[in-house]
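Below is one structure, written out as structure tokens; the observations come after it.
The values are calculated or read from the model by the stated rules, or taken from the named source; none is laboratory data. What you see is a predicted model, and the numbers here were worked out from it, not measured in a lab. No Cβ is skipped: glycine too gets one built from the backbone with ideal geometry, and neighbour counts run over all protein chains shown. All accessible areas refer to the heavy atoms of the entire protein, side chains included, with ligands and DNA or RNA removed. Shrake-Rupley method; radii C 1.70, N 1.55, O 1.52, S 1.80 Å.
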Amino acid sequence: MLTFVKSQCTYTAARLGIFDLLDDRGEQTVEDLAQATNTDIERLYFILRALAHVEVLTEKPGRIFAPTETSTLLVTNKDPSVGHLLMHLIEPAQWDAWKVLPEALEKGVVPFELANKKGVYQYCYDNEWSKDTFIKAMSFLTNSQVDGLLDAYDFGQYETVMDVGGGQGGLIANIVKRYGCKGVLFDLPDVADTAREYMASIGVDPGAIAIKTGDVFEKIPKGAQAIVMKHFISAWSDEDALKILANCKAALPQDGRLILLQSFVPDLDEPKTEADGIMPGIFAVQINVATPGGGWRTKKQFQELFAKSGFKLEKTVKTSNSLSIMEFKLN
């Protein structure tokens, strides 16, 4: 019942930059950490001690705290990390959504919107820290799954691949880097702002990838033989998803392919936990609490949704992590 205490302690330490300080400077006294973060020494000690008890940190005599393998994963002042995902999922606006979950269920509304008076995407765009944290959290998820994805599916069969809702461009950059095809990144202007800088930071020439911006509900640019969408369609209701898929269909040539990269909610007779520890049925609740119609679907539900938009399932490919690949052609 007290798992939320661990979550909040870890979030607080990440938000204060405790893990960054320990990674940069090595072990520190609680007094040093309190001074560096402008926090109360004794109250900070309770949080750090708790994190040591669950092995996120190590406490040594003299109230000295040292980093661990776990805390290193939570560092947020370098590359996109699990620390960014943690902060995105537990930031106050997200936490507030969980507090109104019973009321939201009674009213049939989105908990995040009920708690914050606006949708999660609009909230991120209006709050610079939230937007930056969200983008880096999504980049971390892509980085953690991309090798298994690229090992499982041959993107080299296409001359041009477009990532719709591709954020900073980590996925399309890695596809181009591995397979040598042309790439297109399509997302909202605010999201794609940092794409060139990010792609360069991971060793990909940003000039090799065309960055196009716009609204998926209005139009998706033509020119790609394959469109990929990674965990993007899950954020939308069936009604909104059908609009997006219709625009995808209009953008593709007749022999084009739409490639869904997605974690599936298991059916009753399927394993509930994926190889990388993700429980899609649990994660689906978080998405549903935050987004307008979101929630990861089962394979059958995705197939039915795409069929309504004029796509026929060609094949499904499992990767070494929680991602699976569904390849659709135009029906």
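Numbers below:
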| read-out | value |
| --- | --- |
| The range 189-216, subset open to solvent by 70 Å² or more (accessible area, probe 1.4 Å) and in a loop (DSSP other than H, G, I, E, B), residue modelled with the highest pLDDT | D205 |
| Candidate set: the range 71-85, residues that are crowded, with 23+ Cβ neighbours inside 10 Å and farther than 17 Å from G170 by Cβ; chosen: the one farthest from the chain's Cα centre (by Cα) | S71 |
| Where a residue in the range 128-152 is within 13 Å of G166 (Cα to Cα) and its partner, wherever it lies, is modelled with pLDDT of 95 or more and β-branched (V, I, T), with Cβ under 7 Å and at least six apart | F140/V82 |
| Residues located in the range 97-115, provided they are surrounded by fewer than 20 Cβ atoms within 10 Å (Cβ to Cβ) and within 23 Å of F232 (Cβ to Cβ) | V109, E113 |
| Verdict on S324 being open to solvent by 50 Å² or more (accessible area, probe 1.4 Å) and either closer than 28 Å to G119 by Cβ or of a type outside the set (D, E, K, R) (or both) | no |
| Residues of the range 136-164 that turn out to be among the polar types (S, T, N, Q), open to solvent by 40 Å² or more (accessible area, probe 1.4 Å) and more than 16 Å from the chain's Cα centre (by Cα), as a count | 1 |
| Selection from the range 280-331 of residues that are in contact with a Gly (Cβ under 9 Å, 6 or more places away or on another chain) and β-branched (V, I, T) | V285, I287, T291, T319 |
| Selection within the range 249-270 - of a type in the set (A, V, I, L, M, F, W, C), open to solvent by 10 Å² or more (accessible area, probe 1.4 Å) and under 15 Å from F311 (Cβ atoms) | A250, L252 |
| I287 free of Cβ contacts under 8 Å to residues at least 60 places away in the same chain, surrounded by 16 or more Cβ atoms within 10 Å (Cβ to Cβ) and β-branched (V, I, T) | yes |
